[in-house]
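Participant: Structure incoming, see below.
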Amino acid sequence: MNSSGLNLPYGMSMRPAMAADGPFIESLYKSTRDDLKTIDAEAGFIEELIEQQYHAQTVGYGEKFPNAMYFIVEKVNQKIGRVVVDFGPNEVRVVDIALIPTARNQGFGQGIIKSLQYAAASSGAPLTLTVAAGNIAATRLYAKMGFQPIEESPAYNLLAWYPGFR
């Protein structure tokens, strides 16, 4: 068990994010926006667009999930990601999970989700998250982990995992 109370695999740990993590978090966000990096525009415009999207995400999370907790994921004391979790009255919501490019597709995200499932089960609450409607790989992974769709839209699907389901 680590300081966050979650039993994370692969030598990972989570700690609360601090103001000093700001540059890492912003850089991490930029690394997730390959969709914007490929548009046909000047580099300066693309960089400004990504900055605006980062700001919009930060403000949006603050407004929609004012009680969310922000965590930095580390592996052997190296920052590899960020997780935003909202412990609401009826659910534990994974607001956002992001990993640096070199940490992706190695099972770290799945390990984080499993740990959050354990935390949700301990509180008797479902674990919910959203996934982009077109992200078939993530949708399949979440289905294997016991998540079920509970709300669908053209852009995102809300999935839930219920304690005792699997």
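Participant: Any idea how many residues of segment 18-33 are surrounded by 14 or more Cβ atoms within 10 Å (Cβ to Cβ) and of a type in the set (A, V, I, L, M, F, W, C)? Steps first, please.
Facilitator: We begin by selecting, within segment 18-33, every residue surrounded by 14 or more Cβ atoms within 10 Å (Cβ to Cβ); these are 21, 24-26, 28-33.
Among the residues that remain, those that are also of a type in the set (A, V, I, L, M, F, W, C) are: 24-25, 28.
Counting residues in segment 18-33 that are surrounded by 14 or more Cβ atoms within 10 Å (Cβ to Cβ) and of a type in the set (A, V, I, L, M, F, W, C) gives 3.
Participant: Looking only at segment 132-166, filter to residues that are under 20 Å from S122 (Cα atoms) and under 17 Å from the mean Cα position of the chain (by Cα); which one of those is surrounded by the fewest Cβ atoms within 10 Å (Cβ to Cβ)?
Facilitator: In the first step, residues of segment 132-166 are kept if they are under 20 Å from S122 (Cα atoms); the result is 142, 145-148, 159-166.
Okay, now just the ones that are also under 17 Å from the mean Cα position of the chain (by Cα), so 142, 145, 147, 159-161.
Numbers: Y142: 21, M145: 16, F147: 26, L159: 24, A160: 19, W161: 22.
Restricting to residues being under 20 Å from S122 (Cα atoms) and under 17 Å from the mean Cα position of the chain (by Cα), the top hit is M145.
Participant: Please find, within segment 39-71, the residue that is surrounded by the most Cβ atoms within 10 Å (Cβ to Cβ) out of those that are among the hydrophobic types (A, V, I, L, M, F, W, C) and assigned to a helix (DSSP H, G or I).
Facilitator: Step one: list which residues in segment 39-71 are among the hydrophobic types (A, V, I, L, M, F, W, C), which gives 39, 41, 43, 45-46, 49-50, 56, 59, 65, 68-69, 71.
Checking the rest, the ones that are also assigned to a helix (DSSP H, G or I) come to 43, 45-46, 49-50, 56, 59.
Working: A43: 8, F45: 11, I46: 16, L49: 15, I50: 18, A56: 10, V59: 10.
Among those that are among the hydrophobic types (A, V, I, L, M, F, W, C) and assigned to a helix (DSSP H, G or I), it is I50.
Participant: Here is a follow-up. Let me spell it out: the conditions are (1) in a helix (DSSP H, G or I); (2) touching a residue at least 40 places away in the same chain (Cβ under 8 Å), and Y142 meets all of them except one. Which number is the exception?
Facilitator: All conditions are met except number (2).
Participant: Identify the residue in segment 2-17 that is over 15 Å from G111 (Cβ atoms) and modelled with pLDDT of 85 or more and, among all such residues, is surrounded by the most Cβ atoms within 10 Å (Cβ to Cβ).
Facilitator: My answer is A17.
Participant: Answer yes or no: is there a residue in segment 82-95 that is more than 22 Å from P23 (Cα to Cα), basic (K, R) and outside any helix (DSSP H, G or I).
Facilitator: Yes, some residue in segment 82-95 is more than 22 Å from P23 (Cα to Cα), basic (K, R) and outside any helix (DSSP H, G or I).
Participant: Then there is this: Could you tell me how many of the residues in segment 119-131 are surrounded by 14 or more Cβ atoms within 10 Å (Cβ to Cβ) and within 20 Å of R15 (Cβ to Cβ)?
Facilitator: We begin by selecting, within segment 119-131, every residue surrounded by 14 or more Cβ atoms within 10 Å (Cβ to Cβ); these are 119-121, 125-131.
Okay, now just the ones that are also within 20 Å of R15 (Cβ to Cβ), so 119-120.
Summing the residues that are surrounded by 14 or more Cβ atoms within 10 Å (Cβ to Cβ) and within 20 Å of R15 (Cβ to Cβ) in segment 119-131 gives 2.
Participant: Could you please tell me which pairs satisfy a Cβ distance under 6 Å, a separation of 6+ or placement on different chains, a first residue in segment 67-79 that is over 15 Å from S115 (Cα atoms), and a second residue that is surrounded by fewer than 17 Cβ atoms within 10 Å (Cβ to Cβ) and hydrophobic (A, V, I, L, M, F, W, C)?
Facilitator: Taking only residues 6 or more apart or on different chains, the pairs are K79/F24.
Participant: Which of (1) without any contact (Cβ under 8 Å) to a residue 40 or more places away in the chain; (2) surrounded by fewer than 21 Cβ atoms within 10 Å (Cβ to Cβ); (3) in a strand (DSSP E or B) is the odd one out, the single condition A98 does not satisfy?
Facilitator: The single condition A98 does not satisfy is (1).
The values are calculated or read from the model by the stated rules, or taken from the named source; none is laboratory data. These numbers come from a predicted model, not from an experiment. Neighbour counts are summed over all protein chains in view; Cβ atoms, including those assigned to glycine, are modelled from backbone coordinates with ideal geometry.
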